[in-house]
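Each reported figure results from applying straightforward, stated rules to the coordinates on display, with no laboratory input. All figures in this text were calculated on a predicted structure; none of them were measured in a lab. Cβ placement follows ideal geometry from the backbone for every residue including glycine, while neighbour counts extend to all protein chains displayed.
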Amino acid sequence: QVQLIESGGGLVQDGGSLTLSCAASGRTLQWLSVGWFRQAPGKEREFVASISWPGRKTTIGKSVKGRFTISRDNVKYTADLQMNALRPEDTAIYYCAASGINSPPPDRSEEFEYWGQGTQVTVSS
């Protein structure tokens, strides 16, 4: 199995930037596409971004396109979500997930097998 641990969440001001990191361990041969999802209180889980192995292709969610960037380091087995121009509407718990589907990077939660515990991102209004 692949174990995923998110880090980097916290409180940031409106318009600020934050970078989340996802670290993978375990059976890293299952480390293909990596995705980020988020869930705000009272709302459904929303796709944010995903990236293929080895990282040439990305899929970006409509609501964050132009503001968020996903990348990966295949030596360190990490995947980062770089968030810019943050808005209060971006406040949510952010989850990292791994998928056995490689290309194109998927955007549906049911296509991801392994999930991290989540990290809270709060954007002040």
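Between segment 1-59 and segment 106-125, the alpha-carbon centres lie 6 Å apart. Applying the Karplus relation 6.51 cos²θ - 1.76 cosθ + 1.60 with θ = phi - 60° to segment 105-120 yields 3J(HN,Hα) values of x, x, 9, 10, 4, 5, 8, 10, 8, 10, 9, x, 7, x, 9, 7 Hz, where x marks Gly and Pro.
The count of lysine pairs in the chain that are at least 8 places apart or cross chains, and whose C-alpha atoms lie under 21 Å apart, stands at 4. Working ranking of peptides 4-13, 79-88 by packing, defined as the average number of other Cβ atoms within 10 Å per residue, highest first, is 79-88, 4-13.
In what sequence, highest mean first, do 39-49, 112-122 appear when ranked by Cβ atoms within 10 angstrom?
On the way: 39-49: 14.2, 112-122: 17.4.
So the peptides 39-49, 112-122, ranked by packing, come out 112-122, 39-49.
Taking amide H atoms as placed 1.01 Å from N in the peptide plane, the amide H of residue 68 lies under 5 Å from those of 84, each 5 or more residues away in sequence or on another chain. Remark on residue 118: its backbone amide H falls under 5 Å from those of 6, 96, a criterion applied only to residues 5 or more positions apart or on other chains, H modelled at 1.01 Å from N.
Packing, taken as the mean count of other beta carbons within 10 Å per residue, orders the peptides 68-78, 89-99, 50-60 from highest to lowest as 89-99, 50-60, 68-78. For segment 61-90, the residues whose backbone nitrogen is under 11 Å from a point 7 Å from the Cα of residue 14, taken along Cα to Cβ, are 87-89. Model label points for residue 58 and residue 111, set 7 angstrom from Cα along the Cα-to-Cβ axis, are 1.7 nm apart.
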